[in-house]
Each structure stands twice: as C-alpha cells, then as structure tokens.
Amino acid sequence: MRIDIVGISKTFGRFVALDDIHLTISQGELVALLGPSGSGKTTLLRIIAGLDWPDPGRGQILFDGRDVTYQPVARRQIGFVFQHYALFRHMTVFENVAFGLRMQRRRLGLKKSAITERVNALLHLVQLEHFRDRYPHQLSGGQRQRVALARALAVEPQVLLLDEPFGALDARVRRQLRAWLRKLHDEIGLTSVFVTHDQDEALELADRVVVMNEGRIEQIGTPDEVYNNPNSPFVTEFIGSVNRFRGYRQGGRILFGTRSVIDQRHEAVVFVRPHEFTVTRFACGEGFWARIVRSQTVGSQVRIWLEAESGESFIAEIDRNQWDELSANPGSDVFVSPREIRCFDLKASPVTVHPAQKVSA
Amino acid sequence: MASFECTKSDLQNISSSDGKAKTDSPSGGVIYRARPASWSWTSFLLTGLVVVFLGTFLVLPLIVVFAEAFRQGGRVYLAAISDPEALMAMRLTLLVALSVLVLNTVFGLAAAWCLGKFRFAGRQIITALIDLPISVSPVVVGLLLVLVHGRHGWLGGFLESHGLRIIFATPGIVLATAFVTLPLVARELIPMMEAQGTEQEEAARLLGANGWQVFFYVTLPNIRWALLYGVVLCTARAMGEFGAVSVVSGHIRGLTTTLPLHVEILYNEYRFSAAFAVASLLTLIGLVSLVAKTLLQRIARQRTAPRHRIA
C-alpha cells in the first residue's frame, strides 16, 4: 500500500510536534523515521496508525490515494508494534497472536480451526512454536518482541508500523532481529515504517531514511545519500560521528583548523568525519598542523585525539599499520589533511567546495 | 534486604553501647539479620506497648462481643438471630449491600476508566470530589438526603405526587449507603488504571476490537483483582453503615431497620444478649471480609509484580 502524508501539522498546547510534513512512502518500501527524542517521529507514526490525529484541517493521510485521516483505528488494518510491545499480560502467547483474528472473526468469516492454523503458522514464522502457552512475563525481551510482531502480522496488514522496535533489547539480539525483520519485510512484501533514534539501525535496515528534527523533515534519502550528502549541519552531526570546525570562506576556498582569523563576515561550519583524515609527519597537500593529545587502539583502527592550531579538539581514525608507520606519541605534532569535507555557511545552506580548493592551513 | 544489613563494626558499636558486647555473635562472625542488633529494654517496652494497645482496642472487644453474645447460652443466641425482626433486618441489609455493590461497581469502573485513562480539564476537581464522601460525616450525608428527598425537601413534592417514597424507605437507605461508600471502588482502580497506561488498549483497537471488546478483553482482566478488592471493601462497609442510614431510615421496625440499627434498638431496650448476638453477626462479616481482603491484596500484588518488569 502506498502512503501519502500531505501537509500534516500537530500541536500539543503550545508545543509544535509536527510542522507541515509531506512524505510519500511507496508500496513495499521500508522507511525509517530517524530523529532525536521530541523530533515528532513517534507522533507522525501514531497519526499514520490512526492513534492520533493532525490538527483539524491541517493535513491528510492517504492510503493508496484514499483519505483515511479520520478513519477509525480498528478499520485501518495496520500492524503496529509498540516500543514496549504492549502485549496482553493476562493472555498466553497463542492468545495474544490470536486476539486480532478473534476480534474480527465474524467480519473475516473465519472458523476457529482456521484461526488456530494461522496462529500456529505465525508462531512458526517467528520461531516461537514451543512458547505458545507461556505468558509474556515468562519470555525474554527478544521473544516478546517477536510475539508483538506475530500479533501485528496476524490480521494480514498492508502496512507495518514499528515504534522503536529494538530499543529495549541488548546489542546482539538487536542485530539478529534487524536482519530477521528485513528478511520478513521482503518476504511478505509489506509497506513498513519504523521509528528510531539509532542512526546505525536506520542506515542498516531502511530503504529510505527520513531525518526529523523539531517537528520538521530535515532530509529524505537513501542511507547512502543522508550519510554522504547530508543537507544540513543537523543531519551531518546526527548521522555518524563527525568533527565540527569553525571555518572561514575566502573566495572559493574554505579555511579552518588555523589560528589566524581572516574574515569574521564569512564564517562557516566545517564537518570532517574521523576516518576522512590522512595523518602524516610532514606537510603535504592541503591540511593543517595539530598536536596529538592521546591515542587508543580500537580493533584494527587507531583513534587519535588531536588539538588543532585553532585550539579546536577533534578525533581522527586511521588504520593500525598507518599509525605504526607514523611512530608518533602524545605531544607529537602531525599534519592532518582531510580527504572529504562538508561545509555549511551560518545560514545552514550547503557550500560547494571543489576538492582541490577545500582546505588551507 | 540491604536496609537491615549491618556491618561487623556497626554491630559491635551497638552491642558495646548497651553493655552486652558480642553476645549476639557467639562465633565472632558478622550477623546479617532483619532484626535489631540486640533486644534492649527499649525494644521490649515499645513492642509491649503495641501489644497492650492492640489487645485493649482490638482483641479484647472482639472477644467481649462473642462472649456477651453467648452469655445466656446458645439457645438465646439462636433465638436472637432468628427473631423475625432480626431476619428482616438481615434481609434488608443484604438487599442494600447488593444494590450498593452494583451501583458503586458501575460508578467506580466508569469513574476510574475516565480519570485513569484520559487527561482533560477539570480532572483534578473530579478526583477530589470523589473523595468527598469520606471527609463528610455520614450524619450530614443523611441530613442532606432528607433535605433533598424528604416531604418538605426540594424534590419532596414531586416525589409525593408520583407516589414515590425515598426517605424512611429502602431507596433512601440505599442512597445513603451508596453515597458513603462511593469512593471505595473508584479509589482502588484509579491508581491502577493510571499505572497501566493505554498502550494495551491501543494495541487492541489496532487489532480491530471495538470499545466493549477492549473493555472486557483487555481493561477488565488487567484490573480484576483490584476491582474485587474494592468490591469486598465496599460491601463490608455498606453492611456496617450506621450514621447516614440512621437519619434516613426512620427506624420502622421490621421495615427500615438494617442490622446495625437493629443492634441499636435491642441495646436501647436493655436486651444485651440479643444485641450482642446480632452484633456478633456483623463482626463475623467484618472478619470474613478482612480475610478476603488480605488474600485478594496478596493475589493482586503477585499478579502485578511481573507486570512492572515487562514495562
């Protein structure tokens, strides 16, 4: 099912939760709503589900072109997985999964045996056949999560919505479930939207990432696009770890990392990711000098904390063998040259910089 | 329990301060126990005080009620409680308790659902109002009912012209009792409903359940033990209500006397054994509901415990 979100706004008292949101989600897509807490992503998900409504007259939700903004929740046929699963505590795993089918038995014209059959099939799908008579409090976090998924899928929804689906799980289970969810999504051919504040999760799982901030959409794009071509300082800083520098525009060049302030009027923000630095003992190409504060080996990488001439602290990450060749210690001065930079002037619009002109010391 | 643990040095400090050094730890080891380091005379005094207090104010009267009831033998006891007037009083008490039970369960559920699951303007005021019957003297409640429904009250003329009788009749007694016990069910449920939030209800609605289905399949099962607890509390209180009922009943023998009123009548007529016999019935009801309450509370706590871990 295709979902169109047309100009949705939502306020809670004076707080603007959503401000004129436009978004189209295609059939079969897996979309991540990514943002810090309070960015409005959960509110948007709840409005798609029908658990909440936009401010009167301010926006529409269309399913396959049909206006469902004020259609009752029960008739939307949506699968929803809550952050804390919201399993029915007094029901067994089987009863939880069967609930939707039992409630809609008459409408769907289902026999009891058909319900049992379908629930068993779903429990097989989520690998919980042996737990059908357990109660939710007898299950682990990952198992509860899968029960919640099976329950949501039982009514054969066209749309699957997930609110921080892996938030309450430990890292290992989280990775397993991510891969499993992606596979499930592709097999069933659902249209899925999930909310997360974890950029790794969004980048790894989603076809498209919608980055949200303060009730607005900052950027929509594939994981590659938002990671490599962020369109604002917010997105740059929110996705992946990044160093932030004060910079100055001079002609077509960007100056940063240096002590001498050339022109206050052309101030800019410069971002460089830690792994995009080349670190050498001698000046070569575009770059600037910095002093090593400390270093730490993380697996095959070495993380170096540095201080630039401008007094700004930043982090670089290089391969371990490069670090060994460098033979530098804390206190040594090294020459760092960024291979890639992202630059925004203070009005936050991107500045195009030619690779050859990008840095100065 | 961490709060009761004491380290070796603590223990020694306490022991030496009352001159009984180390008698509590013969092996010289560290004692981890949930009781005071030593039984000094203050602990004895305080414990003794509590025992004496409980004995005088609770246990002794309880014994006296039953002793007095059986003073003139089992036959008098049986005669007293099988007296036609006593039987009528029992019948009326049960009728009133049952009506109040239905009224307050419905009201309590509705109020708790509304106040516990929704946020709206004036919510605080309504929550406070629900507690009003507890803070107002039952006699005042009785008088208010007489003022409204009595022959010369606001609604008196209307009621009389339609042949309806509330004051000095069963409806008045039900109203008075219902008013006094109004908060009991609601107060048990509101905190529980608040704590449980609305996620499970939302999940049920998303799965296609209508309002009644959500209530009966999801909301009610989650609060059933607290509800039962509130109902027991309400019934026990309803059977024993005296003040408000006394004002509105008119004490018409065999017609508008409930058990507590019947006890009073017997007592005023110096029929002490009969009075205590009927009183012992009321006491018995109280004891049974106390046991039921305790059991229910334990079940409710057990059922609630894993719930919080699920989050």
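The values are calculated or read from the model by the stated rules, or taken from the named source; none is laboratory data. A quick note: this is a predicted structure, and the numbers were derived from the prediction, not measured. Every residue, glycine as well, gets a Cβ built from its backbone with ideal geometry; the counts of neighbours run over all protein chains shown.
Quick test of your reading of the structure: B:Met193 fulfils all but one of (1) without any contact (Cβ under 8 Å) to a residue 40 or more places away in the chain; (2) among the aliphatic types (A, V, I, L, M); (3) away from chain A (no Cβ under 14 Å); (4) more than 21 Å from B:Val141 (Cβ to Cβ). Name the failing condition by number.
Checking B:Met193 against (1) without any contact (Cβ under 8 Å) to a residue 40 or more places away in the chain; (2) among the aliphatic types (A, V, I, L, M); (3) away from chain A (no Cβ under 14 Å); (4) more than 21 Å from B:Val141 (Cβ to Cβ), the one that fails is (1).
Would you say A:Ile115 is closer than 25 Å to A:Val209 by Cβ, out of contact with any Cys (no Cβ under 6 Å at 6 or more places or on another chain), surrounded by 15 or more Cβ atoms within 10 Å (Cβ to Cβ) and assigned by TED's automatic domain parsing to the domain that holds A:Phe166?
no
When the residues of segment A:145-156 are narrowed to those that are buried (at least 22 other Cβ atoms within 10 Å of the Cβ) and not hydrophobic (A, V, I, L, M, F, W, C), which ends up modelled with the highest pLDDT?
A:Arg151
Taking the options A:Leu122, A:Leu177, A:Leu162, name whichever one is part of a strand (DSSP E or B) and either of a type outside the set (Asp, Glu) or modelled with pLDDT under 90 (or both).
A:Leu162
Using the structure shown, decide if B:Ala128 is under 17 Å from B:Gly240 (Cβ atoms) and either in the same structural domain as B:Ser249 (by TED's automatic domain parsing) or not in a helix (DSSP H, G or I) (or both).
The answer is no for B:Ala128.
Considering each of B:Leu184, B:Leu207 in turn, give the residue that is in the same structural domain as B:Ile299 (by TED's automatic domain parsing) and either among the hydroxyl-bearing types (Ser, Thr, Tyr) or touching a strand residue (DSSP E or B) at 6+ places or on another chain (Cβ under 9 Å) (or both).
Just one listed residue meets the conditions, B:Leu207.
Here are some residues: B:Gly73, B:Gly142, B:Gly116. Which one is of a type outside the set (Ser, Thr, Tyr) and at positive phi?
So the residue among B:Gly73, B:Gly142, B:Gly116 that is of a type outside the set (Ser, Thr, Tyr) and at positive phi is B:Gly73.
Determine if segment A:102-111 includes at least one residue that is exposed (fewer than 13 other Cβ atoms within 10 Å of the Cβ) and away from chain B (no Cβ under 13 Å).
Checked segment A:102-111: at least one residue is exposed (fewer than 13 other Cβ atoms within 10 Å of the Cβ) and away from chain B (no Cβ under 13 Å).
How about segment A:23-70: which of its residues are among the aliphatic types (A, V, I, L, M) and away from chain B (no Cβ under 14 Å)?
The answer is A:Leu23, A:Ile25, A:Leu30, A:Val31, A:Ala32, A:Leu33, A:Leu34, A:Leu44, A:Ile61, A:Leu62.
Are any residues in segment A:11-33 basic (Lys, Arg) and at pLDDT 95 or above, and if so, which ones?
none
Does segment B:51-65 contain any residue that is under 27 Å from the mean Cα position of the chain (by Cα) and among the hydroxyl-bearing types (Ser, Thr, Tyr)?
Yes, that holds for at least one residue.
Restricting attention to segment B:142-150, does a residue exist that is surrounded by 13 or more Cβ atoms within 10 Å (Cβ to Cβ), within 22 Å of the chain's Cα centre (by Cα) and either of a type outside the set (D, E, K, R) or not assigned by TED's automatic domain parsing to the domain that holds B:Ala89 (or both)?
Looking through segment B:142-150, at least one residue is surrounded by 13 or more Cβ atoms within 10 Å (Cβ to Cβ), within 22 Å of the chain's Cα centre (by Cα) and either of a type outside the set (D, E, K, R) or not assigned by TED's automatic domain parsing to the domain that holds B:Ala89 (or both).
When B:Arg33 is evaluated against the numbered criteria (1) at pLDDT below 90; (2) under 28 Å from B:Arg253 (Cα atoms); (3) among the basic types (Lys, Arg), which criterion, by number, is the only one it fails?
Among (1) at pLDDT below 90; (2) under 28 Å from B:Arg253 (Cα atoms); (3) among the basic types (Lys, Arg), the lone unmet condition for B:Arg33 is (2).
Those residues that are within 14 Å of another protein chain (Cβ to nearest Cβ) and either in contact (Cβ under 8 Å) with a residue 60 or more places away in the chain or more than 17 Å from the chain's Cα centre (by Cα) (or both), I need them from segment A:166-185; list them, please.
A:Gly167, A:Ala168
Evaluate segment B:101-114: report whether one residue or more is in the same structural domain as B:Ala169 (by TED's automatic domain parsing), aliphatic (A, V, I, L, M) and modelled with pLDDT under 90.
No, segment B:101-114 has no match at all.
Among the listed residues A:Gly240, A:Gly247, which satisfies the condition of being touching a Gly at 6+ places or on another chain (Cβ under 9 Å) and either in contact (Cβ under 8 Å) with a residue 24 or more places away in the chain or not assigned by TED's automatic domain parsing to the domain that holds A:His185 (or both)?
A:Gly247
Hey, among A:Ile3, A:Ile21, A:Ile25, which residue is within 19 Å of A:Pro72 (Cβ to Cβ) and touching a strand residue (DSSP E or B) at 6+ places or on another chain (Cβ under 7 Å)?
A:Ile3
Might you check whether a residue that is in a loop (DSSP other than H, G, I, E, B), modelled with pLDDT of 90 or more and more than 12 Å from chain B (Cβ to nearest Cβ) occurs anywhere in segment A:83-97?
Scanning segment A:83-97, I find at least one residue that is in a loop (DSSP other than H, G, I, E, B), modelled with pLDDT of 90 or more and more than 12 Å from chain B (Cβ to nearest Cβ), so the answer is yes.
Looking at A:Glu204, A:Glu286 in this structure, which one is outside any strand (DSSP E or B) and either under 18 Å from the mean Cα position of the chain (by Cα) or crowded, with 19+ Cβ neighbours inside 10 Å (or both)?
Checking each option against the conditions leaves just A:Glu204.
Residue by residue through segment B:152-190, note down the ones that are among the aromatic types (Phe, Trp, Tyr) and surrounded by 17 or more Cβ atoms within 10 Å (Cβ to Cβ).
Listed by number, the residues that qualify are B:Phe168, B:Phe179.
Where in segment B:201-251 are there helices (runs of 4 or more DSSP H), lying wholly inside it, with at least 2 residues that are over 22 Å from A:Leu108 (Cβ atoms) and either within 14 Å of chain A (Cβ to nearest Cβ) or of a type in the set (A, V, I, L, M, F, W, C) (or both)?
Helices (runs of 4 or more DSSP H) meeting the threshold: B:220-240, B:243-249.
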